[in-house]
1. For the chain, what does the relative contact order come out to in percent, with C-alpha contacts under 8 Å and a separation of six or more?
2. Pull up the cross-link candidates among the lysines for LYS99, meaning alpha carbon to alpha carbon under 17 Å and not fewer than 8 places away within one chain.
3. Considering only C-alpha atoms, what is the centroid distance from region 167-218 to region 11-51, in Å?
4. Give me SER274, SER32 ranked fewest to most by other Cβ atoms within 10 Å of their Cβ, as a rough exposure proxy.
5. Relative to the first principal axis of the alpha-carbon coordinates of the chain, what is the inclination of helix 135-145, with its axis defined by its Cα atoms, in degrees from 0 to 90 and to the nearest 10?
6. Under a GNM of the chain (C-alpha, springs under 10 Å), which listed residue has the highest mean-square fluctuation: ASN222, ASN263, ASN190?
7. Starting from the Cα gyration tensor of region 11-162, take the square roots of the eigenvalues, sort them a ≥ b ≥ c, and report rounded, prolate or oblate (rounded when a/c is under 1.5, otherwise prolate if a/b is larger than b/c, else oblate).
8. So in the chain, what percent of DSSP beta bridges are antiparallel if you round to the nearest 5?
Amino acid sequence: MKTYNSIFNFSSQKKTILTLGTFDGVHIGHQSILDKLKKATHHGYYESVVLTFFPHPRMVLNQDMSIKLLNTIEEKTSLLANFGIDTLIIHPFDETFSKLTAEDFVKTILVEKLNIHKIIIGYDHRFGINRSANIHDLVNFGIKYNFEVEQISAKEIDDISISSTKIRKALLEGDVKTANNYLGYKYSFNGKVVEGKKNGRAIGYPTANIQIAENYKLIPKNGVYIVSSKIDEVVFYGMMNIGTNPTLGENEQTIEIHFFNFNSDIYSKEINISVIEYIREEQKFESLLALKAQLDKDKEFSMQFLTEYESTLF
């Protein structure tokens, strides 16, 4: 998959089949559109193009920096690469771009720059300055500029919208199973292993402290989870705690992972963590000894769960 950081860097001798959107999560609803896009290229006669934007338009138009996304732009790129799309364009969304008239967008971007043959788009899509144009305008532009418009049905669009909402809601409630079912893969995040306070070592549970650079990435509900990570091409399982370590009287949210059967130095490594199962709420214990007793129970539960989980993978 070729990736461009601007529409204006793209060029192709082929006509393109294009879809556009935020594609946050690249979940099962999005995957059905990507499949439709891929099939429409007629085995490479046309070039399949996904056009997305960064930052998220709401961050620019509404100055909404509180928005939490399921994917960072790097994660989204990696996910889209799995679906056989020819080209991904991540265009910078800014005020200038938002002020393009609908016809300017169609003529200068879709037709002249992206060499469009067909656009696959939702029935409720709005575009142009102040989102003034709708699908009917796009169809008319298609007639004028000689490209096809394939509408994604109301049901498909509703399913996509519901999926995104449900995934975010599920993760914020610790319902990992629902989130992963809608995603079609395990929810994950990337982070750098940084030095922590090493409190876990004192009770036999050393942890890797994970720092996520992107503050817009959605972090699941505070609590204890079963996770996996591929480190140096080997998959390790572990227990992750997201929370504030109330037993130790702290109040800053941290992400800490105790990997099973693992003792390598991974400080400063960037690792990907897949979230498999939610175990329990974060709790405040009377002592470190009581915390250790609970972690022993969590580990026992995790090992039993993973025995059954691994049997489903083969």
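1. Values: 532 pairs, mean separation 50.1, N = 314.
So the answer I get is 16 percent.
2. Answer for LYS99, where 17 Å is the Cα cut-off: LYS107, listed by chain and number.
3. A separation of 31 Å, based on Cα centres.
4. Details: SER274 17, SER32 14.
In increasing order of surrounding Cβ atoms, one gets SER32, SER274.
5. Once rounded, one gets 50 degrees.
6. Among ASN222, ASN263, ASN190, the largest GNM mean-square fluctuation belongs to ASN263.
7. On the way: a/c = 1.40, a/b = 1.08, b/c = 1.30.
Rounded.
8. Values: 31 of 55 bridges.
Around 55 percent of the beta bridges assigned by DSSP in the chain are antiparallel ones.
Bear in mind these aren't lab numbers, they're just calculated from the coordinates by the rules spelled out. As the structure is a computational prediction, the values presented were derived from the model and not from experiment. Glycine also receives a Cβ, built like all others from the backbone with ideal geometry; neighbour counts cover every protein chain displayed.
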